[in-house]
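Since every read-out is calculated from the coordinates, none of them should be taken as a lab result. Everything numeric here is computed off the predicted structure, so don't read it as measured data. FYI the Cβ positions are ideal-geometry reconstructions off the backbone, even for glycines, and counts take in every protein chain you see.
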């Protein structure tokens, strides 16, 4: 079988999975990150050794079943970072999906192929997952819509885990109505409706963005002012997010190692640059470190949630910079990761929903604007994205 | 009112037009070229003098009514070339819509803002019109899907005309399922279903494309081979398309002048570069020239249709090059127009449907691939686009 494009895995579906004849997604096509089980297919998680060892899945992942039942077809499986442990989108085994909106630049990860396929118009939407930014980052860098739902609102059955305390199944779409229509199909659990009455700019997050990114996103806010509720300022992390990010990293390491550590030690798979180092770090995290980190997390969660009561959303740049070049060196990518996680850890630590919209461009490269809502605000964030869409562009 | 982005006209809708609660497009949002009537609003056709003289429309255009009844909201009116008389997308009065996929490059026209808004994710789809390429060209240059339907399959009531012998109401979408779903909403008249058994590459059209454009599009055909029917070669215009293009130009000039000439002479509106010259040419076309040109058209129509019997589609580059720079000089734009029209006049002269898909990129810039079908093949072309979508990208 020929490979569709760099967004799709070489071990792709032989043929599309047909959706139901009727339903809210009838006639639409989706792609799925290669972490969702498809009955009879092996699930790869970005690593060929894992793929080779995998058994054919006994059934579809819950999210796959839902989109098929809603009428969408699934046309392919997409490339992701190995074990979802990166935000760059580079995969040393399958190649890095080309970013259709930023030639020569990384697509962002880990749900890289899902974002790239959607941005290229290869499908109408795509499923991904977000632990530390894996939907939000590639959506922003590829210039499309993406959501990290409230923790646990989308059933993760049949999807590979990374760090269950943070894992959230999300999705991408290139356009706002399709983006919003996926909501009722995938969102379970508790929806908490409240009119958005306050949009609070997280000034500390904005201060971390490159000047031209902040400027382009502020221009968007200026255009969209009439469609936004009262804008004001807040500080989301008065002491900075470094301690949160560090706690995130420790808990994430502890959890991913609990899931994959034994297998990794036994199989010693080839791992791409960065991934190997991060997994080596994960192996060293002690139970005590994790316990301490969970205390930091509990406090962070309380502090962040206090700033986002129902009716208030936080507004911040999704990513503080544009996409790095595909040939960026390790130090540049480390710096990128650190800067990105300083912003993405906020919703991650708090288990809150976040949407990113393709608000603006910076020198022709996509820049995403994010809104973080209260627990269960997912539907309100999708409606907000729909309302703000006509102001996206340049 | 603030302006949404450069894709939308300054005299935009004060608020979105709500769609029906149910229907195949429920929850989706559309934008419309500023040539479609909206009840109570003035329609501009890209020229401020025309806008100022216009009376508020007594009712919605038929296409607007249809998409609203199908459940879509209409979120704005988009910038177009004056009187639809250009394929560049430059508008001297309202500014040129930014091409979201090709920074610093023209979006293509005349349905420039509709393509740009769709490519930016500002809406799920947009309506345009195509006389000499005005949907196909901006779709290709902005990296999205576009269709010029079979002549007269979409009701043009309430839409401004350009050259009725060629005018065809079409649409844009960034993703394939949305693109296909608009079909049943807008397409009336005679559908003629037949399985596509042959894809004939119009080698004479391919020969006119820049080498790197042809190469990127051929790479797409290679990837997509398993999803395509038997590929072979044909020559669509053994004597070249220069005579067709010239006949097209004469008939177009005669018809646009018949519609707008009297008003233009009386009002002497300010007109942007290129537009003024083409309208001045239109004023000179004689009845005899038009009569001769119609004879050429009749012969061309017969010859082209003979090459596209039901079951066969012609495949060719939509545009032979990438988007010109926004500051390209007049000579460059003239050359661009001539090269573009050599390809777009084929379906235009024959009244046949053509879809363009965002098949590939050339140095990061979008390149569109086109399929021309038999009269009434519109639905089959939309299905073909859906089938080929997963191969789009890089």
ask   = Based on the Cβ-Cβ distance from residue B:239 to residue A:69, what FRET efficiency comes out when R0 is 56 Å, to the nearest 0.05?
value = 0.55
ask   = Kirkwood Rh, Cα Rg: Rg to Rh for the stretch A:1-133?
value = 0.95
query = For label points placed 7 Å from Cα toward Cβ, what is the shortest-first list of nm distances from residue A:164 to its copies?
reply = 7.0
query = Mind checking the mean number of beta-carbon atoms from other chains within 10 Å of the Cβ atoms in B:70-82?
reply = 1
key: Residue among B:146, B:113, B:363 with the largest mean-square fluctuation in a Gaussian network model of chain B, springs linking Cα atoms under 10 Å   = B:363
task = Evaluate E = 1/(1 + (r/R0)^6) for residue A:332 and residue A:15, where r is the Cβ-Cβ distance and R0 equals 41 Å; express this FRET efficiency to the nearest 0.05.
result = 0.50
note = P(r) over all Cα-Cα pairs of the stretch A:118-163, 10 Å bins from 0 to the longest distance, whole percent per bin, short to long, reads 24, 53, 23, 0
query = Which chain A residue sits with its beta carbon nearest the axis carrying A onto B, and how many Å away is it, rounded to a whole number?
reply = A:174, 2
ask   = Which value, to two decimals, describes the C-alpha radius of gyration of the stretch B:268-342 once divided by 2.2 N^0.38 Å?
value = 1.50
query = How many percent of the alpha carbon pairs in chain B exceed a separation of 29 Å?
reply = 35
key: Cα point-scatterer Debye curve for the stretch B:87-146, base-10 log of I(q)/I(0) at q = 0.24, 0.25 Å⁻¹   = -0.85, -0.92
ask   = What shape does the stretch B:243-288 take by its C-alpha gyration tensor, where a ≥ b ≥ c are the square roots of the eigenvalues and a/c under 1.5 counts as rounded, a/b above b/c as prolate, and the rest as oblate?
value = oblate
inquiry  = How compact is the stretch A:199-239 by the rule of thumb for globular proteins, expressed as Cα Rg over 2.2 N^0.38 Å?
reply    = 1.20
query = Of the beta bridges DSSP finds with both residues in the protein assembly as shown, what % are antiparallel, to the nearest 5?
reply = 60
key: Cα-derived Rg to Rh of the stretch B:341-394, Kirkwood definition   = 1.02
key: Spin-label proximity, residue A:192 to the stretch A:315-356 - amide N less than 20 Å from point 7 Å beyond Cα toward beta carbon   = A:315-316, A:345-356
query = Which three semi-axes in whole Å describe the equivalent ellipsoid of the stretch A:253-394, each the square root of 5 times a Cα gyration tensor eigenvalue, listed largest first?
reply = 31, 23, 12
query = To two decimal places, what compactness ratio does the stretch A:146-256 give when its Cα radius of gyration is scaled by 2.2 N^0.38 Å?
reply = 1.30
task = Go ahead and run the numbers for FRET between residue B:3 and residue A:265, Cβ-Cβ distance against an R0 of 45 Å, rounding to 0.05.
result = 0.15
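Take the Cα gyration tensor of the protein assembly as shown, multiply each eigenvalue by 5, square-root it, and list the three semi-axes largest first, rounded to whole angstrom. Don't skip to the end; give the middle numbers.
Details: eigenvalues 419, 161, 92 Å².
Taking √(5λ) for each eigenvalue gives 46, 28, 21 Å, largest first.
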